[in-house]
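What follows draws every value from the coordinates through simple rules; no lab data is involved. Computed from a predicted structure; not experimentally measured. Cβ placement follows ideal geometry from the backbone for every residue including glycine, while neighbour counts extend to all protein chains displayed.
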Amino acid sequence: MLAMLSSVVITSISIAGVMMFYLFEEEETRAAKQLSIAEGIAMEVIDRRTELLISNLRIVADDFGFKSAIATRDTPTITSVLANHSARAGTGLAMLADNSGTLIANLQGLENGTPLPFANLLASAQESGSAAEIVSWQNRAYQILIVPIQGPGLRAWLAAGFPLNNAFAEFIGDLTGTQVVFERRQGGEAMILASSLPQRALDQELLSQFNKLNGAELVDSNRYFIQSLNLKSGSDGSIHALLLSDRAKALETYYQLALEMLLLVLTALFIAGVLVVLTARALGRPVLQLANFAAAIGEGRSVQPPDLRTGGELRTLSKALNDMLLRIREREHRIRHDAIHDDLSGLPNRKAIESELRDWFSEHRKGYLVGISLTDFKALNETLGYSFGDQALLAIGLRLRGQLPINCIFGRTGGNEFIALLPVEDESSLRSLLARLRSHAELPAVISDTPINLKLHMAILELPADASTSDEVRRRLSLTLGRAAHAENHMAFYRPGGDEDHLKELRLIRDLPNALNDGHMYMNYQPKVRFGSATFTQVEALIRWRHPELGFINPEEFIRLAERSGQIQELTGFILRRIARDTADWHKNGLDIGVAINLSALDLTNRNLADEIHTVFKGWHGRMNKLTFEITESAVMADAGVATQVLEQLRSLGVRLSVDDFGTGYSSLAQLRQLPVHELKIDKSFVLNLGSQPQDQLIVKSTIDMAHGLGLSVVAEGIENVESWQLLQGWGCDLAQGFFLGRPMVSTDLTAWAQTFETRAAELTVEQASANSST
Amino acid sequence: MLSNGHFGLLAAFILALGTPLQSFAGSVSLEFYDQSTGKPLPGVVVTADNGMTPSPATAEMAQQQRAFAPHVLIIPQDTTVSFPNRDNTQHHVYSFSKPKPLNIELYAGQPEAPIRFDKTGIVELGCNIHDNMQGFIVVTDKSQASRSGDDGISQFELPDDSLEGGLNVEIWHPRLRNNTTSQFITLTGPFPITQTLTLDVMPEKAPRSGLEGLQKRFRDL
């Protein structure tokens, strides 16, 4: 299409160009031809005028009355005849002279009796009967004819002439299509006699151009081609007719032609363009429309399918695009719906709730956020199956939704978590609403033919006081729900600060690895003393963490966090290595004591623990029985299978195993019998107030007896006074631990303590003696 | 042939004039040539004063076959000339010549009155209808008048005393460039005088086509 257009363009321009080239190239040739023709015409006109003049003059010359007037020298009559004739023939000049050349009458105002001005011409007329010539007279040129007026006895000469004036120049100019200038030259001087050009056109430039004229040669100036026509030459100067071909005028026709050609070309181009556009519209426009349509679909804009007036493939394509649009819309709608709705219940999902929350936060809307969970949902799933659980969730969701005001947002934000955003301002109406919710939701239900009582727990956050971001909501709701599950009325309001604890835990979890490396974590050791001999035989290793910002961290807390965050192995490893190093130091100092190390419940699931201990305490081979590992009762019970294996591995290392905090758990003696342990450590809660608590005394005494009966040694911790020491000593308890004997201390203080204790040892045995004596 | 017809009457006149003067012994022989052709020029009218005055007479200038007959009429002063029309067409004879302007309006046959030529000079005659008709009347107060013959020679006798103070002779020819007046020449003696004169005359006109001016003009229209 474009090729077609360009070929049209190129062809048109080429044709126009070639034609223009020839037109302009021919300019001079044409001008020369034109001037040559003009020259012929000018000569012809002059000749014709001469003939006209002759025939005019003949009539006059033959007129008897005129002749008789001449004969009688009737000057007024002659003059009137001349004037009459002159007017009729259009001659400007008329003179009558006698045979000797003396003026008889004239129209030029010359004095009669003076000689005729054209003596030469008269002579030649007398010679040959008549004469015609172009002469210059009184700064004008005349085409003059002299004819005889002859009668019997009459010899006179009539001179008549046309002036070569502007009018005549214009006349010839009009005939020939040129400009005509009559010019006289005498010597080197040129003089303009008449011209068809206006006076102002005869500027200096043109005049100088005239001066260059040489004979019949063609001269071209900026404006004209000029041809000189010699009308007369003689000693008294020459007269020329200059024929000027106006270049602009000559070219005007060419310009006109060029313009027409240009119009033709433009028309051709226009038609071609229109054709192209029409074709493009017919073919391209629907395609373009479809392309735009497809682009709009791609951008997800809402558009109407283009109204195509074509058939065939384009229509099929249009239809396909339209179908595509509808399907895309449907899919988009579904995706959008799915994105913000829960699969199971069809309720808004977390995303939807969070979006709503953002609105609440940005508008500082007041109200309550209530998180609702099925109590014991996990158990429900496990006992009745997941599909049952789903049904239960669905039932609860529907019941809650049914009881909530229409305008309140309610959705399922997790497996077992619903959230309702209640625009309720006061707590009492909230409580009544929640009571209603609960009473409806907890009505007995039948799911898959199974009657069931569903229980809920609810957590309430007051907005915006309790949370101002989605993250906070999520975290605090989760915390509060956890509390609500165990709350008396299964309902909990968010407790300010609860979340801060949580945050602290998070931070501790985060800081734990660094603490191990940076030395913020260190070991304390608390001495254990043998009752009978009051000898220092062992220490319990206790991990300590002094956080640079949070200060002293409770070991129970960070050990629990380490367990939860999966860092307990690293922590245990750290503890083991540190103890190994510290004990090595003691040994160098001659302090030969055993070490008791606490293991967490999770440590007992680590099958590599035994290997690790074996590696770390290489130096202890042969006296591994100096190592005691304390395991809490609950830890042993939690996962008895693996724990027992690990304990067996430890025991096979030759270390001693101790059940820590004995008496707080539910371990039966039957279980205890099964465990491969060597020692019981009576929980300090029984020991602290032993002196004043007869029940504790009974429990402790019988536990010692029972343990001894089972072949286990017994450790008592929490001994803070001499009474407890003496009682336990009396009951045959094996090892003592407590502030009464020594506080936990850093490794380097142990040697000093040991020396001090030696001085006390005698007292303790003495006390025993005295006690014994007193008992 | 033509010249014979034209000059018949003139010959008789010259003869009449010349007879009483034969006793004088001065002989003049003028030989005329046409300057342009170099040929002898006939028909040159030569008049000279021979001491006598010619007496007036009557003469006739007829129009015959659309021409004046004779072509050149030489008459003494005060001679009365009649203009009979012998054609079947009318003629309108006129002259603008100073010695005797005349105008005889259209007529056939004999005009009402003959015309007396009282002044000397050349009177050229024309017909207003027939432009080609041209005739001349030479009015002279001299007794001696002659014409050159076909050989261009004009010969006449003059009294001896004519030479005193120079002999003035008038010569005229119809084809002189200015044929409205005679030319004067002065001859010097002694007798016999023989002189060759070359005249600048206009070429002889071609024979007439026979159509006259007016007819021609109609035809041109």
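See the values below:
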{"read-out": "Average other protein chain Cβ within 10 Å of Cβ, residues B:94-101", "value": "5"}
{"read-out": "Virtual paramagnetic centre 7 Å along Cα→Cβ of A:Leu110, amide N under 17 Å, in region A:234-262", "value": "A:236"}
{"read-out": "Footprinting exposure proxy for B:Thr120, B:Thr47, A:Thr267 (fewest neighbouring C-beta atoms within 10 Å first)", "value": "A:Thr267, B:Thr120, B:Thr47"}
{"read-out": "Shielding score for A:148-160, defined as the mean number of other chain Cβ atoms within 10 Å", "value": "5"}
{"read-out": "Within region A:531-614, trypsin sites (Lys or Arg not before Pro) in DSSP loop having at most 14 other beta-carbon neighbours inside 10 Å", "value": "A:Arg607"}
{"read-out": "For chain A: relative contact order, % (alpha-carbon pairs under 8 angstrom, 6 or more apart)", "value": "7 percent"}
{"read-out": "Cross-link partners of A:Lys232 among aspartates and glutamates (Cα-Cα below 13 Å; sequence separation of 8 or more within a chain)", "value": "A:Glu133, A:Glu183"}
{"read-out": "In region B:82-146, the GluC sites (Glu not before Pro) that fall in loop regions by DSSP, at most 10 other Cβ within 10 Å", "value": "B:Glu112"}
{"read-out": "Distance violations [Cα-Cα > 23 Å] among A:Lys378/A:Lys455; A:Lys455/A:Lys504; B:Lys39/B:Lys142; A:Lys528/A:Lys588", "value": "A:Lys455/A:Lys504; B:Lys39/B:Lys142"}
{"read-out": "Prolate/oblate/rounded label for region A:648-754 (Cα gyration tensor, a/c 1.5)", "value": "oblate"}
{"read-out": "Given charges at beta-carbon only (K, R positive; D, E negative), |dipole| of the protein assembly as shown in Debye", "value": "1740 debye"}
{"read-out": "Fraction of beta bridges assigned by DSSP in region A:523-619 that are antiparallel (%, nearest 5)", "value": "75 percent"}
{"read-out": "Furthest towards positive pole of dipole, B:Ile171, B:Asn50, A:Ala16, structure part the protein assembly as shown, Cβ charges", "value": "A:Ala16"}
{"read-out": "Proximal lysines relative to A:Lys249, as straight alpha-carbon distance under 19 Å, when same-chain residues fewer than 8 apart are discounted", "value": "A:Lys33"}
{"read-out": "For chain A, share of DSSP beta bridges that run antiparallel, in % to the nearest 5", "value": "75 percent"}
{"read-out": "Pairwise FRET efficiency - A:Ser100 versus B:Met202, Cβ, R0 = 22 Å, nearest 0.05", "value": "0.85"}
{"read-out": "Sorted peptide list for A:340-346, A:271-277, criterion being average Cβ within 10 angstrom, highest first", "value": "A:340-346, A:271-277"}
{"read-out": "Relative contact order (%) - criterion: Cα under 8 Å, at least six apart; region: region A:222-341", "value": "13 percent"}
{"read-out": "Under 17 Å from A:Lys701, Cα to Cα: lysines that are on another chain or at least 8 residues apart", "value": "A:Lys681, A:Lys684"}
{"read-out": "Where GluC sites (Glu not before Pro) fall in DSSP loop in region A:442-520, at most 16 other Cβ within 10 Å", "value": "A:Glu442, A:Glu488"}
{"read-out": "Helix-only [θ]222 nm of chain A, DSSP H runs n ≥ 4, -39500 (n - 2.57) each, per residue, nearest 500", "value": "-17000 deg cm²/dmol"}
{"read-out": "Listed peptides A:737-748, A:363-374 by packing density, highest first (mean Cβ within 10 Å)", "value": "A:363-374, A:737-748"}
